[in-house]
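Structure first, then comments.
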Amino acid sequence: MKIQQNYSLKNYNTFGIAATAKYFACFSSENELVELLRNDLCKTEPLFILGGGSNILLTQDFEGLVLANTIKGMEVLIEDNHSSTIEVGAGEVWHDFVLWSIDKNLSGIENLALIPGLVGASPMQNIGAYGLEVKDVITTVHFIEIGSGNSKILSNEDCNFGYRDSIFKHELKEKVVITKVIFKLSKTPLNKTTYGAIEEELKNLNLDPSPKNISTAVINIRSRKLPDPKILGNSGSFFKNPIIKTTQFENLKREFPEMVGYTISETKTKIAAGWLIDNAGLKGYRKADAGVHKNQALVLVNYGNATGLEIINLAKEIQEKIKDKYGISITPEVNIL
């Protein structure tokens, strides 16, 4: 738990942005976290809790204390004929947990394979993909209050989950540190294959639906579309899919018949932000070392030496062009620091 000074964060953010933290330390247990929170630096310096670094964009050095969450562990707490309830440390890699669940013949998160980041970020962001959201399988979230050092638990209902949203991005933002998440996974395969290209991928692979096969299909699809951050810096999907009134969507469809939208209620439709950016001619667009990925317009990339400011300026340019072309506002999914 040694606190280090002027620590490089380049290897702690998947954009590969060169930035430093004035102070830096890791914690691997709740007790270590509480001890760090009692340190005088937490009272005098700005504090930032770092997970996998896959959902942040560093636009400057952090003049404060960065604490990196490395709490591990995956343990079955309760099991019956229908489901298993599992406790997972917030510092576990999300994709590792997905593979672990598949190995245990459990279903519920296979559609979320290969999403970057740590388990602790999953309820914060309410991660989702291919027709599933993590809120569907979370029972409780455990966290430590930064101010008091007290341990607290929130039920699924009290997390106020929404689309890429939760209480941890609002009322509890920068006030708590998630330490573990409790999931309830099904022993009966859910086999949700209707969203995206999963059915087509399974057919091409000559595979029947199953948690393992669906995860394989999702991994194949994501690998083709999304760049590996170890090779090309990125944070996955940079923008949220905007939700607009269905009447507005219907009007836009008359002008743009190929526009992709998904009905989410009687009055609301979710629009594929990647389609908006692609159709605006921005896929593959590049300014210096900041760019839009050539295969997936929803992903902004660092071609080598882009700064965080160059990435965010590119994002703003994209937002303006989308607003001008479609009258739709798109917002970043990543946290900008």
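Quick note: the coordinates plus some simple rules give every number you see, no bench work behind them. These numbers come from a predicted model, not from an experiment. Counting neighbours? That spans all protein chains shown, and the Cβs are built from the backbone with ideal geometry, glycine included.
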Query - Extent along principal axes [Cα atoms of the stretch 74-186; Å; largest to smallest] - result: 40, 28, 23
Report summary line: Label model pair V76, K43: point-to-point distance (7 angstrom along the Cα→beta-carbon line) in nm is 4.7 nm
Query raised in the report: Among the chymotrypsin sites (Phe, Trp or Tyr not before Pro) within the stretch 73-121, which fall in a DSSP loop and have no more than 14 other Cβ atoms within 10 Å of their own Cβ?
Result: none
Query raised in the report: Of I127, G284, G274, which is farthest along the charge dipole of the chain in the positive direction, counting Lys and Arg as +1 and Asp and Glu as -1 at C-beta?
Result: G284
Report summary line: With DSSP loop assignment and no more than 12 other C-beta atoms within 10 Å, the GluC sites (Glu not before Pro) in the stretch 188-291 are E258, E266
Report summary line: Computed about the Cα centre, the charge dipole of the chain from +1 Lys/Arg and -1 Asp/Glu charges at the Cβ has a magnitude in debye, to the nearest 20, of 780 debye
**Report entry** Residue order, fewest to most beta carbons within 10 Å, for T179, T70
**Finding:** T70, T179
Report task. Taking the Cβ of K135 as the centre, find all other residues whose Cβ is under 11 Å away and add up their charges (Lys, Arg: +1; Asp, Glu: -1). Result -> -3
Query raised in the report: Charges only on Cβ, +1 for Lys and Arg, -1 for Asp and Glu: so what's the dipole of the stretch 4-69 about the Cα centre, in debye to the nearest 20?
Result: 160 debye
Query raised in the report: Near I244, within a Cβ-to-Cβ distance under 11 Å, what is the net charge of the other residues, with Lys and Arg +1 and Asp and Glu -1?
Result: +2
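At a Förster distance of 45 Å, what's the computed FRET efficiency of T247 paired with Y303, Cβ-Cβ distance as r, to 0.05?
Efficiency, from the Cβ-Cβ distance: 0.65.
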Query - For the chain, alpha-carbon Rg and Dmax in angstrom - result: 20.3, 60
Query raised in the report: Around N105, what is the net charge, scoring Lys/Arg as +1 and Asp/Glu as -1 over all other residues with Cβ under 10 Å from its Cβ?
Result: +2
Query raised in the report: Listing Y163, Y130 from the residue with the fewest other Cβ atoms within 10 Å to the one with the most, what is the order?
Result: Y163, Y130
Query raised in the report: Under a plain spin-label model, where a point goes 7 Å from the Cα along Cα-to-Cβ, how far apart in nm are Y163 and L205?
Result: 2.8 nm
Report summary line: Cross-link reach from K321 to aspartates and glutamates, straight Cα distance under 19 Å and at least 8 residues apart if same chain, gives E255, E258, D278, E310, E333
Report summary line: Ordered by number, the trypsin sites (Lys or Arg not before Pro) in the stretch 1-60 that occupy a DSSP loop and have at most 15 other Cβ atoms within 10 Å are K2, R38
Query - Translational diffusion of the stretch 233-336, µm² s⁻¹ [Kirkwood Rh, Cα pairs; Stokes-Einstein; 25 °C; 0.890 mPa s] - result: 175 µm²/s
